[in-house]
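The values are calculated or read from the model by the stated rules, or taken from the named source; none is laboratory data. Just so it is clear, the model here is predicted, and its values are computed rather than measured. Using ideal geometry, Cβ is built from the backbone for each residue, glycine included, and neighbour counts are taken over all protein chains shown. For the accessible areas, the whole protein counts, side chains as well, though only heavy atoms, and no ligand, DNA or RNA atoms are used. Shrake-Rupley method; radii C 1.70, N 1.55, O 1.52, S 1.80 Å.
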Amino acid sequence: MKLIVYPGAPLRGEAQVPGDKSISHRAALFAAMAQGESLIDNFLDSGVTRAMLNALSALGVTWQLDGTRLQVRSPGWNHWQPPAVPLFCGNSATTLRLLAGALAAAGIPAVLDGSPGLRRRPMERIVEPLRAMGVPIAAADGGGAPLHLDARPAGALLRGMKHTLPVASAQVKTCLLLAGLAADAPVEVIEPTLSRDHTERMFKGMGIALEVSRLPDGSARVCLHPPGHPIPPLHGTIPGDISAAAFLLVAALIVPGSDVLIRGVGLNPTRTGLLEALREMGAEIEVENPRTVFGEPVGDLHVRASSLWAGQVQGERVVAMIDEFPAFAAAALYAQGISTVHDAQELRYKESDRIAALVQEVRALGAAAEEHPDGFTIHGGSLKGGTVNPHGDHRLAMALAVAGLAASQAVTIEQAEIIAESFPAFVSTLQGLGAHLEVIP
Ligand code: S3P
């Protein structure tokens, strides 16, 4: 599918974004690990969460998705059945890394695999600490998927341990905490900066004993005490995804005359780095109606078109906007001056090498941009338009589409179906705000 974006009229009105991807993954998996029936509203129905749900079916968990209401019935993680086939995680590293931790707890034999893109992503960051806990797990040559887990002897527990992550990662942290449910002693994870803490919030809500603290050097520590009993079912409503809202925010900022209200967006402080960066660049964004939903801060975001000046992102801020660099780049393309990102080498291990792919594609649209080993530079100005390739990366595709809304000519995004991985209603949502987009099947 091709998506053609025409520059045009201001964006106006109200919009809603889908349920948060990270929380949806966790909600489905934690509900499957719990014993009994869970009910979750505003679940994200998309390519990546379908990969998670299908894997759960292969473990003997039953679920039903009615619109965005997910009902899960499970015998509990220690009664899962060994899957008869490899669990295919598609493009989703969250699915694979979180499932690896849950299967490590369950102690059943399984193979975790995914798309060629997912096979290229680094897995030693989970394999090594899981092995230290006594999990019989092996990666393919080269350290990636497929991952093979063997059965653990009946009655044997995993070893509690302390693990320090070299790079902050909520996927790795969650993987180890999930494995820790079957450990003989506490599992402690330390990361240089606090990554998204949805797992910690949800575990606390489920009554799982967890200590969370900041160490004197600023690093974040979480310590799980294995509960030793089945975990209770989950009930709640998932907040809107700030990583999806990011594209609407930037669209409204860069298209002159826009005025948009995005309702029900999750505003967990471990996720709001882009809001802070954009405000520093001069963006007019207000939070209205702040509230708490499912243990998470939520608000409505009111955004108006703004003259932006260039932004600089580095250090701790990077972790709080790790998925937002494509959206940030779209804003930087229209900001006055030179925007720079550093300390973000992790971007090279996302759905694409987001440093190389971003720079290559914005150049294809006529922008001046440079790659750095740990980031990129974008020279703000006007954008010509043209045809781009999203490199199999849903966020790159959406960022390039948003950039096209204020270009001087149309922007065509090839293979735009990848957008459905995280935001299936992206095109119709923008059209609802008045944007001119055309889908060519
Ligand atoms: C996620 C964590 C982040 C993020 C990803 C989702 C999660 O990855 O980029 O989209 O749900 O835990 P890392 O933990 O690898 O940084």
With +1 on the Cβ of every Lys and Arg and -1 on the Cβ of every Asp and Glu, the dipole magnitude of the chain about its Cα centre, in debye rounded to the nearest 20, is 560 debye
Give the residue list of trypsin sites (Lys or Arg not before Pro) in segment 353-441 that are DSSP loop and have at most 15 other beta-carbon atoms within 10 angstrom. 384
How large, in percent, is the carbon and sulfur part of the accessible surface of the chain at a probe radius of 1.4 Å? 52 percent
Listed highest first by mean packing, meaning other Cβ atoms within 10 Å per residue, what order do 309-315, 242-248 come in? 242-248, 309-315
When the helices in the chain are scored as -39500 (n - 2.57) per DSSP H run of 4 or longer and the sum is shared across all residues, what 222 nm value do you end up with, to the nearest 500 deg cm²/dmol? -8500 deg cm²/dmol
Cα centroid of segment 65-83 to Cα centroid of segment 190-264, whole Å: 22 Å
Kindly express, to the nearest 10 degrees and within the range 0 to 90, the angle between helix 170-180's C-alpha long axis and the longest C-alpha principal axis of the chain. 10 degrees
Calculate how steeply helix 93-106 sits against the longest principal axis of the alpha-carbon atoms of the chain, using the helix alpha-carbon long axis, and give the answer as 0 to 90 degrees to the nearest 10. 10 degrees
So for segment 325-427: antiparallel DSSP bridges make up what percent, rounded to the nearest 5? 75 percent
What's the whole-number percent of alpha carbon pairs in segment 21-226 lying beyond 30 angstrom? 14 percent
Considering only segment 21-226, what is the antiparallel percent among its DSSP beta bridges, to the nearest 5? 80 percent
In Å³ per residue, the alpha-carbon convex hull of the chain encloses 125 Å³
Please work out the Cα center distance from segment 123-177 to segment 330-391, rounded to the nearest Å. 34 Å
Based on DSSP, what percent of beta bridges with both residues in the chain are antiparallel, to the nearest 5? 70 percent
Cα axis of helix 21-33 to longest principal axis of the chain: angle in degrees, 0 to 90, nearest 10? 20 degrees
